Structures are given as structure tokens and as C-alpha cells.
1. Which one of these does Ala81 not meet: (1) at pLDDT 95 or above; (2) over 24 Å from the mean Cα position of the chain (by Cα)?
2. Filter the range 196-210 down to the residues that are aliphatic (A, V, I, L, M) and either in contact with a helix residue (DSSP H, G or I) (Cβ under 7 Å, 6 or more places away or on another chain) or modelled with pLDDT of 95 or more (or both) and list them by number.
3. Given the conditions (1) over 24 Å from Gly212 (Cα atoms); (2) modelled with pLDDT under 95, which single one is not true for Ala323?
4. Of all residues in the range 366-414, which are β-branched (Val, Ile, Thr) and touching a Lys or Arg at 6+ places or on another chain (Cβ under 9 Å)?
5. Looking only at the range 428-448, count how many residues are farther than 17 Å from Pro469 by Cβ and either surrounded by fewer than 17 Cβ atoms within 10 Å (Cβ to Cβ) or of a type in the set (Phe, Trp, Tyr) (or both).
6. Quick check on my filter: what residues within the range 91-117 are surrounded by 20 or more Cβ atoms within 10 Å (Cβ to Cβ) and in contact with a Ser or Thr (Cβ under 6 Å, 6 or more places away or on another chain)?
7. On the given criteria, is Pro456 free of Cβ contacts under 8 Å to residues at least 12 places away in the same chain, under 26 Å from Cys108 (Cα atoms) and surrounded by fewer than 21 Cβ atoms within 10 Å (Cβ to Cβ)?
8. Given (1) assigned to a loop (DSSP other than H, G, I, E, B); (2) within 23 Å of the chain's Cα centre (by Cα); (3) touching a residue at least 60 places away in the same chain (Cβ under 8 Å), where does Glu52 come up short, assuming only one miss?
Amino acid sequence: MEAHKRGACLIVADPRTTPVAGLADIHLPLRPGSNLALINAMMHVILEEQLEDRTFIAERTENSEALRESLKSCTPEWAAAITGLEADSIRKVARLYAAGPNSMILYCMGVTQQVTGTRTCAALANLVMLCGMIGRPYTGLMPLRGQNNVQGSCDMGALPETLPGYVKAGTETAQERFGPLWGTFANVQGKKLTEIMSGMHDGSIRSAFIMGENPVQSDPDMASIVEGLSRLDFLVVQDIFMTPTAELAHVVLPAASYLEKEGTFTNTERRVQKVNEVLPPLPGTRPDWRILSDLISLFGGQAPYSCPEAIFEEIRQANPAYAGITYARLADGKGLCWPCPTTDHPGTPCLHQKTFSRGLGLFTVNEATQEELAPEPNANPDYPLTLITGRVSHHYHTGTMTRRSWALSREYPEAFLEMNPQDAEKLGLKENWKVRVTSSQGSIVARVGITKSVRPGVVFLPFHFAESPANALTSHHRLDPTVKIPALKSTPVRVEEER
């Protein structure tokens with residue numbers, strides 16, 4: 001928003017007219033799920049009009065000819081039929097992006113929570129390399145994380161296929177890196193979230209430890225999640241409130257909030273920042289690190305940590321990108337961006353300035369079927385509308401904390417369904433009426449809000465409200481084939497007056 005005030009051109013691709021889209025110079029209200037078609041068509045225009053950065057492509061990348069060949073049929077007219085946008089609008093934004101001189105792309109769950117999520121992210125990487133918009137300040141590709149320490153969690157190995165520092169689990173490299181530090185450890189790849197939930201149903205997973213997460217409300221197909229958790233022999237939940245997930249647990253471990261513990265957060269720009277204990281933990285609660293240390297010891301492991309700084313010292317050994325970061329260097333509150341390999345290194349605010357981690361940047365071919373690019377609207381007469389789930393600015397995730405604040409709940413006290421006036425008129429619905437929203441997975445009740453902020457055929461429902469859980473409607477059957485993330489942003493539904 002500050003850049004826009006200074007004259008930057010803001011382009012927003014979103015099926016909804018969000019507050020940011022309302023400020024945009026150009027808003028592209030594309031059909032849900034059609035992101036990949038838009039990006040590939042933009043690259044077609046850039047190549048057709050010779051707007052690419054030929055020097056960057058020649059010196060910093062490989063496989064450009066395969067990309068060029070794959071995009072020949074991805075014309076703006078082709079994409080217009082899929083996205084619902086005007087072909088000339090696609091040409092215009094492609095030219096603006098390529099002209100720069102500094103262009104940055106920000107994206108979040110509207111891109112990733114689709115069947116084509118992985119391929120769209122790869123296509124965005126193609127786009128930034130095609131125009132040389134990476135490796136310089138004020139350029140690049142920035143995924144906006146859904147929570148404040150997602151980046152830090154991934155850096156620590158909280159991904160099914162990697163260990164700290166993104167070392168692939170199950171490899172000799174992993175054994176060489178972590179064997180001297182940990183001794184014997186389980187050098188195997190884990191399961192993705194949707195695979196874990198499937199394992200609860202087929203009996204291959206018999207117990208679970210859920211920490212700081214509320215999958216009953218946040219994950220797709222709520223009924224299936226509840227059934228899977230209920231089948232477990234043993235469920236432990238570690239959290240600060242009794243969430244709907246915690247209510248299903250055999251044991252609840254009461255944790256401390258962020259104000260009651262010490263440690264570091266790493267944000268989306270890779271900035272590692274120190275947080276300090278402001279208040280002592282409430283009686284009967286403990287910081288996460290103390291709970292986990294005791295559990296490790298009870299399982300016969302070694303957890304000789306006297307304080308969070310001792311744990312951070314191990315992080316510095318396990319992840320070379322953190323090696324030069326110390327608590328003393330974080331004391332000024334500014335933080336340091338990894339990679340920071342030595343204690344005299346200033347950190348790295350801008351990545352990829354001279355090379356990529358693999359050397360040359362690899363252009364990838366990202367194709368998809370018509371059904372994957374954008375499910376045909378009204379394909380199923382029983383569910384003629386497309387549901388998008390998301391957030392509102394006043395609530396956070398499943399509302400575990402924010403819905404306990406009277407001031408925030410005053411602004412958004414209950415679930416609402418945004419619907420275009422054309423659809424409301426067809427269904428005979430009026431503003432603020434109670435409606436029943438039904439998918440093949442389930443049904444909920446919410447109040448309808450009639451607004452032009454969603455395009456015809458699309459409805460929007462926030463997922464913060466346990467009494468009207470949006471994920472009672474979503475499905476775990478349509479998944480990105482690579483990372484198994486569900487298509488949460490394009491669920492077929494119908495809407496009826498609740499009588």
C-alpha cells in the first residue's frame with residue numbers, strides 16, 4: 001500500500017474484490033482455479049512480443065526453449081475462455097509486468113490451495129526468470145505465509161520430506177549432517193497432512209500428537225476429520241485453549257501463549273527475530289519447549305536443554321543458514337535474514353543475486369487439463385455455485401484466540417456468505433437472510449451478504465466460525481498431485497433459504 005501511494009502500479013488477480021483489489025490500478029476477477037492459465041498466457045505474450053530479458057535467460061537459466069515450445073498454444077484468447085477475463089487485459093498486465101523496471105509478485109493460498117497449486121508456483125518462478133525480475137532489490141517472488149512462523153517451522157524441518165535446512169530425509173547427506181549431532185535418528189520421510197488423515201481411517205496411523213493446530217476446523221471435510229481422529233487409539237493435543245480438536249483428545253497438554261515464552265520467529269522474508277517472555281505462564285501451563293523436552297526424556301531420548309538459547313545453539317549447528325545468528329546479534333530487535341553463515345556476516349535480505357541454489361534457474365513446463373485449470377461452472381446442476389473459503393481481517397485462522405476478543409467479535413460476530421446480486425436475485429434471497437450452504441460433503445447455515453465483491457457464480461465463506469464451519473463443505477478428494485493439498489478455493493455448492 002505504501003508503494004502504491006508512491007506511484008507503483010498495483011495489479012491484483014482475485015475472484016473477489018478484496019480491500020487490496022479495491023485499491024488496485026487493475027483488478028483481474030478471474031474464475032477460481034484458473035491461475036495457471038493466466039500466468040502461462042502472460043508468458044506467451046511476453047515471448048511473442050519479445051519482452052523477455054534475454055541476457056538474464058542466457059546467463060542465469062536453462063531449458064528456456066522447452067518453456068517457449070510449451071507456451072505456443074497459451075494465447076490470451078485461450079486463457080480468456082478459461083479465466084473469464086478479457087484477452088486484452090491479459091496482454092496489458094503482461095506488458096506492465098515485463099516493463100518493470102522492478103516488478104514483484106506476492107501470492108498466498110488462493111494460488112496454492114488448488115489442484116494446480118504446485119504447477120502455478122512453478123509457472124510464477126518461470127515468469128520472474130523470464131523477465132529477470134529476481135536477484136535484485138524490489139523484485140522477486142514472495143509467498144505470503146498464512147501464519148507468523150511458517151517459514152521458521154519449515155527451516156527447522158517441519159515438512160514431511162525434509163530435515164532442518166531442507167536436507168532431504170532418507171538420504172546419505174542427511175545421515176552425514178545429523179548423525180554426529182543426534183546419533184541414531186529416524187532418517188525417513190514422513191507423510192503429508194492429507195495422507196495422515198487417510199491413515200487414521202485405514203488404521204495405519206493409530207495415534208497422533210497435534211500441537212497448536214485445530215484441524216477439525218481448518219482442514220477439509222470436517223466430518224471425515226472428526227471420524228478419523230475419533231478412531232485413534234490415542235490422541236494428544238497441546239494448545240492454549242480447548243479447541244474443537246482438543247475436545248476429542250485423550251490427553252490435553254496446556255501450553256503457554258507467545259507472550260509467555262521466549263524464542264525466535266522467522267518471517268516470510270527469512271528474518272529471524274527474537275521474542276521475549278513478557279508474562280509468566282499461567283499456573284498449570286508450560287512453554288512448548290519444556291513440554292517437548294520432558295516428553296523426549298520420558299521416551300528415553302536426550303534433551304539437555306536448560307533454556308531456549310541452548311536449543312537455538314543446536315539450530316545453528318543443524319542449519320548452516322542460521323550458523324552466524326546468535327541471541328546476542330538479535331538483541332537489537334531488528335533481526336537477521338538467513339542465510340547468515342558466520343557471526344560477522346550481515347545476513348542476506350536479497351536472495352539469488354548471482355546464482356540460484358541449484359546453479360542455473362530451471363524453466364519448467366507446467367501444463368494442465370481443462371478440468372484442472374478451471375472446473376466448468378454449473379457442471380453439476382445440484383451444486384451450481386463455486387465456494388471460496390478464506391479470512392477476514394479481524395479474525396485469525398480458526399478464531400481460537402481472536403473470537404475471544406469482544407472488540408473483534410463485535411465487528412464479525414458470525415459467519416456470513418458473500419453472494420453476487422445476480423445470484424441472490426435468481427434464488428430469491430435478501431440481505432442478511434439465513435441460508436443453508438450445501439456441498440457433497442456437508443451442510444451449514446450462515447447469513448447471506450449480497451455484494452458485487454464476488455463475481456456471479458462464486459460465493460465466499462470465511463472459515464473462522466466453529467458454529468458454521470466452512471470446512472464441513474470442502475473435500476479432501478480433489479488434491480494437488482504433488483503436495484496433496486486440497487482444492488479449498490473451488491468447492492461446488494448450492495445455496496437455499498433456511499426456513
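1. (1)
2. We begin by selecting, within the range 196-210, every residue aliphatic (A, V, I, L, M); these are 196-197, 200, 205, 208, 210.
If the condition is that a residue be aliphatic (A, V, I, L, M) and either in contact with a helix residue (DSSP H, G or I) (Cβ under 7 Å, 6 or more places away or on another chain) or modelled with pLDDT of 95 or more (or both), then Met197, Met200, Ile205, Ala208, Ile210 are the ones that fit.
3. Going through (1) over 24 Å from Gly212 (Cα atoms); (2) modelled with pLDDT under 95 one by one, Ala323 breaks only (2).
4. Within the range 366-414, the subset β-branched (Val, Ile, Thr) is 369, 386, 388-389, 392, 398, 400, 402.
Correct list: Thr386, Ile388, Thr389.
5. Residues flagged as farther than 17 Å from Pro469 by Cβ and either surrounded by fewer than 17 Cβ atoms within 10 Å (Cβ to Cβ) or of a type in the set (Phe, Trp, Tyr) (or both) within the range 428-448 amount to 5.
6. Tyr97, Val111
7. So Pro456 fails the test.
8. (2)
The values are calculated or read from the model by the stated rules, or taken from the named source; none is laboratory data. Just so it is clear, the structure is predicted and the values come from calculations on it, not from any experiment. All Cβ positions, glycine included, derive from the backbone under ideal geometry; neighbour counts span all protein chains shown.
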